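Okay, so here's the structure we're looking at.
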Amino acid sequence: MPTRTPRETVEGFLAATIGEDPGALADFYAPHVVIDMPFAPPELYPARTETTREELRSRFRAGAAVRRYETVRDVRLHETGDPEQVVAEYTLDGRLLTGDAPFTLSFAMFLTIRDGHIVHTRDYADPLAGAKALGRLPELLTALGAPAPGPDPTTASPDGVVSGEDRVAVTDLLALHGHLTDAGELDRLDEVFSSDIVYDLTGLTPARGTLRGLDALVDAAHALGPANPVGHHVTNTVVRAGEHADRAYARSKGIGVMADGTSGSVTYDDTLVRGPRGWRVTHRRITSR
C-alpha cells in the first residue's frame, strides 16, 4: 500500500478529529511523537510533550468524555519547501458534554510528517479560548495570578439553585476525601477528583506549588508519608450553583490533626463538574487559616 503523502496525512487527521472514534486520531501519529506548544501557559500545559501513539490514543478517548468536536472548517493547508513539513490552519466547533455548551477553537499547526505519520507538531492556539472551552478557565486565571471566575460560594447565587440532592452529593463527596486519605485508600481518589484535577497549594505551602493531574496528587500524598495528617475533617460546607446545571462551587473548612496531636485549619475552594460518574472536583485551591 503506498505511503500517504504529507498532505493526505493532514487531511485524514482533520477528518478523524470529528470521527466516531476519537482514538482513531492517534493512527495518524508515529509510534513516538514530539508535541510543542509555544504559547501554552507553563502552569497548565507543558511546552513540550514527548509521548507515544498509544498514550495519545488514551488521551483522545478520555477527552471525549468531556467534549465532542462536531465540525472542522476554514481549513488552509500550506506545503513548504521541506517535503516533510505542512502547515495547517483550521477551526473546530464543538460542544461540552456537561451543560451542552458550544465552543470554537482555531489552530495553526506546523507538522513534520515522515512515512505517512506525524512525528512532530508545533501547535499555536489561543490559550484563553482553549481553557474556557475545556472548562479549565479557573485554573488558567489562577496560574496567571488573577482571581478565578465563579461566584463566591459564601454568597447567594443569582444564576441558579442547587437542588437538595446535589447539595448532599457534593457535601458527601468532599467528606469522602478525608475518609479515603485517612484510610490510605489513595487509589480511590478518582471517586473524588477528576483525572485532570488542578490542586493549588500555593496558599498553603508555596514551595509545593500546584499539582496537575490525579497521578501527581497521589504521588505527593505518598511522598509526604508520616508527615500527612492522621485525621482530615471537612466541615462548614457551602455549595452554590455554577453557570450551568452540571457545574457547582463549594467552600469548606478543613481541620487536620497530626500524629503528635497538633492541628491546623485550611479553607478549600472547589470547582466541581458533574460527569457520567457523578460529581468530581476539577479544581481545588487550599488556603491556610
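Key figures
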item: Residues whose placed amide H lies under 5 Å from that of Ala101, excluding near-sequence neighbours; result: Leu96
item: Cα-only Debye scattering, the chain: base-10 log of I(q)/I(0) at q = 0.07, 0.09, 0.14 Å⁻¹; result: -0.31, -0.51, -1.06
item: Dipole magnitude of the chain, debye to nearest 20 (Cβ charges: Lys/Arg +1, Asp/Glu -1, about Cα centre); result: 520 debye
item: Equivalent ellipsoid, the range 52-101 (semi-axes from 5 times Cα gyration tensor eigenvalues, Å); result: 28, 18, 5
item: Beta bridge orientation in the chain: antiparallel %, DSSP, nearest 5; result: 90 percent
item: Whole-Hz ³J(HN,Hα) from phi, Karplus 6.51 cos²θ - 1.76 cosθ + 1.60, for the range 233-245, glycine and proline x; result: 10, 9, 8, 6, 7, 10, 10, 10, 5, x, 6, 8, 5
item: Extreme residue, positive dipole direction of the chain, given options Gly23, Leu204, Thr71 (C-beta unit charges); result: Leu204
item: Descending semi-axes in whole angstrom, ellipsoid equivalent of the range 158-272, from the Cα gyration tensor; result: 25, 16, 14
item: Equivalent ellipsoid dimensions for the range 1-96 as semi-axes, Å, which come from the Cα gyration tensor, largest first; result: 21, 18, 16
item: Given charges at Cβ of Lys, Arg, Asp, Glu: the range 1-94 dipole, positive-most of Pro38, Thr9, Thr51; result: Thr51
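Coordinate-derived values only; no laboratory data. Keep in mind that what you see is a predicted model, and the values were worked out from it rather than measured. Heads up, the Cβs are rebuilt from the backbone with ideal geometry, glycines too, and the neighbour counts pull from every protein chain shown.
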